[in-house]
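The values are calculated or read from the model by the stated rules, or taken from the named source; none is laboratory data. All values derive from a computational prediction rather than experimental measurement. For neighbour counting, all protein chains shown are included, and Cβ atoms are generated from backbone atoms with ideal geometry for every residue, glycine included. SASA here: full protein model, heavy atoms, side chains in, ligands and nucleic acids out. Shrake-Rupley method; radii C 1.70, N 1.55, O 1.52, S 1.80 Å.
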Amino acid sequence: MAEQPTTTQPTAKYRADYQAPDYTITDIDLTFDLHDTATRVVAVSQVKRQAVQATSLILDGDSLKLVRLEINGESWTDYQETDSGLTIHNVPAAFELTIETEINPQKNTLLEGLYKSGEGFCTQCEAEGFRRITFYLDRPDVLARFKTKVIADQASMPYLLSNGNRIDAGELDNGRHWVQWEDPFPKPSYLFALVAGDFDVLRDTYTTKSGRNVALEIFVDKGNLDRADYAMTSLINSMKWDEERFGLEYDLDIYMIVAVDFFNMGAMENKGLNIFNSKYVLANPSTATDTDYQGIESVIGHEYFHNWTGNRVTCRDWFQLSLKEGLTVFRDQEFSSDLGSRPVNRINNVRIMRGPQFAEDRGPMSHPIRPEKVIEMNNFYTLTVYEKGSEVIRMMHTLLGEAKFQAGMKLYFERHDGTAATCDDFVQAMEDASGISLAQFRRWYSQAGTPVVNVATEYDAAQKRYRVTIKQHTAPTAGQEEKLPLHIPFDIELYNRQGEVIALQCNGKEIHHVLDVTEAEQVFEFEQVDEEPVISMLREFSAPVILEYDYRDEDLIFLMVHARNAFARWDAGQILLAKYIRENVKRVQQGEAFALPESVVDAFRGVLLDETLDPAFIAEVLTLPSENEIAGWYETVDVDAIHQVVSELEKVLATEMVDELSAIYHSLAQPAYTIAHDAMAKRALRNRCLAFLANTEQGDKLASAQYQQSDNMTDTMAAMSAANGAQLPCREAQMKDFSDKWTHDGLVMDKWFILQGKNPAENALDNVRATMAHPAFDLKNPNRTRSLVASFCANNPVRFHAKDGSGYQFLTEILTALNTSNPQVASRLIEPFLKYRQYDAQRQALMRAELEKLAGLENLAKDLFEKVQKALEQ
Ligand code: B3K
Ligand code: ZN
C-alpha cells in the first residue's frame, strides 16, 4: 500500500508573513541505522533560543514515528505531537536535543525524504523533505553544521555517503558497517543528503586555481561505468568555467555525484553530494542523443554552480527561490553558451519562454518570479521561477554590462556568504556595485504576467527622422489585477537598405542600442536617418515580453539575411512563419486551401543553402514553432486547425525544397560518430532535413535506411521520430526492433515511450494504454510516467483533446493513481487541464468535469489541491 499524503485541509503561507525563527540549531549529529522498512534515525541537535519571549520549540515533522525525546540527555515528556510536527514545551535557552525517529523508506513512494531507489537508499530534501527524516526546524534560514553516521549491511551496501568529508569508518560484527561524514559548511536541512548502495565509481581529480586538490567521484549503477564519462567531463568543465568567468572556486576536498533511477526531477545540489536523475548522468553514443548530452552538460553545470549560488548563499525563505534558481539558470545558460553555440542556446531558451513559460503566465497558476502565496512549495519549482527568473537576471546583466554585473556578484558574496539572503539583497548588491538604479526594475520580482510591448514606427523623409512609439501593457493575471509599467531593456538596431547599421541619434547625441523603456507609452525619435530603415527589435530577446509590430514580409526577409546578430535573423524567420501560420489557421477555419507565397519559401531556402552559416543554426531557423506555442497566440485554441496548418506547412516546405533538402541530407553524412560541437551541428541539420523529407516520396526509404545504418542514438531516434511523425510504413518494424533491443533499459526505453505518447495516429490513446503494459513501463517511476503520459497529454494536443473526452478521462485516471503514490509527479502532469479555459465550450465543459472529479477525491494531496482549486475558481 502506498503511503497516504497528509489529509488535513491545506493552508496557504504568505511571503509577507515571514518571521525569523524563534530558535536556531547550530550543530546536528545524525545517526542512520538503515533498514528497508524500519530505519532508525537519531538526531542530536544543539538548539539556541533567538527570540527572548519564546518558550516552546516547534519542529516540523511528517510521517515520522517518535521513539525517543531527550533534552540534555534526560527523557523529556512535556511535548505534543501535532499535524505538522512536534511542539516541545518549556525548553531552556540553549540545550542539546536528542530525537529518535523511525521511518519506512520502502513505503516512501513520494520520493521525498529517505527512500529506496532500486536496491539502494537515497534522499531528497528540497524543499521540505527533511521533516520526513526527523523532527527539525526544516526551513532554509536555519543553518547548522552536519555530522552524519550511516550504518548498513556491508555486502549489499558497500558505499555509504553523505555531505562533506569522510572522517571515520568501521565494521560491526553483524555483517554491518558504518561511515561517518562531516560537512564543515553550515547549511539548511534541504541540502542534506545520504546515499547507500552498491555502485560502479568513476574517479578523477581537479586542481582548483588556488591549488586545492578535489577528488571527483561519480556513482552509477553496476554495469553503467561506460556511460559516465561525459558527466565527468562536464563537471570538470563546470569547475573550470566558474573559476574563469565568475572567479568562483570549489571549497571541499571531494565532490560526489550519484545517479539514481527513481527521482522526481532533474537533479539536486546537496552540498558535496549531488543526487541526479540517471537521465542527466548516463550517456554513451549508443544510448544517448546529442540533446541528452547537452542536457547532461547543462544540468551538471547547474548543480555545480549552485555550490555558490544556492549553497554558500542560500535563500531566507522559499518565496525567495528564484534568488538561487533564476541566478543559477542564468549561470548554466552562460556556461552552455560559452562552451557551445551562443545563438542556438539562446534560441532554445527563448522557445521555452515563449511556449510553456508564457502559457504559465496566462494560466490560473500565474505568479511572479517571487511568489506571494504558496500552498505546496513543490508547485513553485516552475518555469516562471527558473526560466523567467533567469531572464530577470539576464536583463540586469544587459543593463549593467559584464564588468559591473561581476562587481555586483562579488559584492553579493562579500555581504551574504554563509547566510540566507533575499532577492532584494541580490538586487541591492547589483545596484550598489554598479551605481545604476534598479528601483523600477524591482517590479519584475513582484509583478506576474507577460508584458505586451506594442511598437509603431513612422518615417519622416523630409526631416530624416524615424519615430518609434513603444507602449507596454500587462494584462491582469490570476489574483493580480493592477499592473504597473516595468523597466524593459529594449535592444534595437536600424538598418539601411544596404544592410548597414544606422547609428542611433537622439537629441543630437548618439545613444546605446538598448533603450530604457520605463513608461506605459514612450516615444524615441531618431535623427539623421537618411532613408526609411528596417528595424530589428527585442534583439537577443532582451526582455521576456511579447512584441507586437506590424512587419512587412519584405522587412522580415531582409532581416533574415542582413541582421547582424544570428538570434535576430532566426527571430525574423519565426515572425514570418507566425504570420502565415495565423493566416492559414483562418483559411482552414473558413474552408479555404493552405497557401504560402513563393517569397517565403525562398527566404527559408536561402538560409538552408547558406554555407557560411552554422548548420545547427540553420536547423533552428527551419524548425517550426510547436503546436503548443502557437496555441498560446489565441484566445480560443483550435487544436485541429493548428495541427493541420503545421502539418501542411511542413509538407509544403518539404515539397518546395525537396532537391535542396535531399542534397544537403546526403552531403552531411558523417563517417563516424563524435560528440564534438561541429559534428552535432551537422547531425542537427541533417536530421532536420530528414524530418522534412519524411513528408515526401523519399521519406520511407530514407528513414528506414538511416535506422538500419545508424551507429548512434541521435540518428536512430531521428529516423524513428521522422517515421513516427509522418506515420511512415517503416515505423512499425522500427518500433518493434527498438523495443526488442532495449526492453531491459528503462532510460533508453523512455525515448520509445515518448514516441508512443506523441504518435499522431488516430488510435494513439489505445496505443498509449496498451503501452502501459509494456514490461519496461512502471507508473511508480517518474521518468517512465513522464515519457509516456506527459508526452501524450502535453505534447500530442490533437489526440489528447479528442472531442469525445477520452484523453481527459485517461489523464484523470493517471492523476487519481498518482495522487496517493506520488503527488509531486501528478502535479506536473495536471498542467494541460489548467488551460481548459482556452478551449471551445464543449472541451471546456469536459475538462472542467474532470477537474471537479479530482476536487472530489478523498485525500486529495495538497499539490493537486492547490492547482485544481485555482483552476476552478479562475
Ligand atoms: N534545487 C533542485 C530542485 C528541487 C525541487 C524540489 N521539488 C534542483 C535544481 O534546481 O537544481
Ligand atoms: Zn537549481
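Results, tabulated for the structure shown:
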| quantity | calculated |
| --- | --- |
| Sparse-neighbour loop sites [GluC sites (Glu not before Pro); segment 770-874; at most 15 other C-beta within 10 Å; DSSP] | GLU858 |
| Within straight-line cross-link reach of LYS464, lysines at Cα separation under 24 Å, skipping those fewer than 8 residues along the same chain | LYS509 |
| Spin-label zone in segment 366-392 - amide nitrogen under 20 Å from a point set 7 Å from the Cα of ASN565 along the C-beta vector | 387-392 |
| Gyration tensor verdict on segment 495-568 (Cα atoms; rounded if a/c is under 1.5, prolate if a/b is larger than b/c, oblate otherwise) | oblate |
| Euclidean distance between Cα centres, segment 282-336 to segment 635-693, Å | 29 |
| GLN406-TYR459 pseudo-label distance in nm [points 7 Å out on the Cα-to-Cβ vector] | 4.1 |
| Qualifying trypsin sites (Lys or Arg not before Pro) in segment 178-224, DSSP loop, other Cβ atoms within 10 Å at most 15 | LYS209, ARG212, LYS222 |
| At R0 = 51 Å, FRET efficiency that the Cβ-Cβ distance of GLN528 and THR208 yields, to 0.05 | 0.45 |
| Extension gain, GLN809 back to ASP229 (0.36 nm per residue minus Cα-Cα distance, nm) | 204.5 nm |
| Accessible surface of MET365 - all protein chains present, 1.4 Å probe, nearest 10 Å² | 10 |
| Ranked by how many other beta carbons lie within 10 Å on average, peptides 626-638, 420-432 from highest | 420-432, 626-638 |
| Segment 712-825, relative contact order [Cα under 8 Å, separation at least 6], % | 21 |
| Simple label model, 7 Å out from Cα along Cβ direction - ASP432 to LYS579, nm | 5.0 |
| Length gained when the stretch ALA817-GLU244 is fully extended (0.36 nm per residue, less Cα-Cα span) | 201.5 nm |
| Length-normalised contact order of segment 239-381 in % [C-alpha pairs under 8 Å, at least 6 apart] | 16 |
| Residues ASP737 and ASP198, FRET efficiency given R0 of 30 Å [Cβ-Cβ distance, rounded to 0.05] | 0.40 |
| Rounded FRET efficiency, nearest 0.05, which uses the C-beta distance separating THR291 from ALA705 and R0 of 22 Å | 0.50 |
| Aspartates and glutamates whose Cα lies under 18 Å from that of LYS867, excluding same-chain neighbours fewer than 8 positions away | GLU360, ASP361, GLU372, GLU376, GLU813, GLU831, GLU850, GLU852, GLU858 |
| Segment 659-736: GluC sites (Glu not before Pro) in DSSP coil with no more than 11 other Cβ atoms inside 10 Å | GLU697 |
| Listed peptides 735-741, 147-153 by packing density, highest first (mean Cβ within 10 Å) | 147-153, 735-741 |
| Inter-probe distance in nm under a simple model that places probes 7 Å from Cα toward Cβ, at THR82 and GLU592 | 6.6 |
| Relative contact order (%) - segment 1-107, alpha-carbon pairs under 8 angstrom, separation at least six | 32 |
| Candidate lysines for bridging to LYS410, where Cα separation is under 25 Å - those fewer than 8 sequence places away on the same chain excluded | LYS187, LYS209, LYS240, LYS271, LYS324, LYS388 |
| Segment 365-407: C-alpha gyration tensor shape, a/c 1.5 cut-off, then a/b vs b/c | prolate |
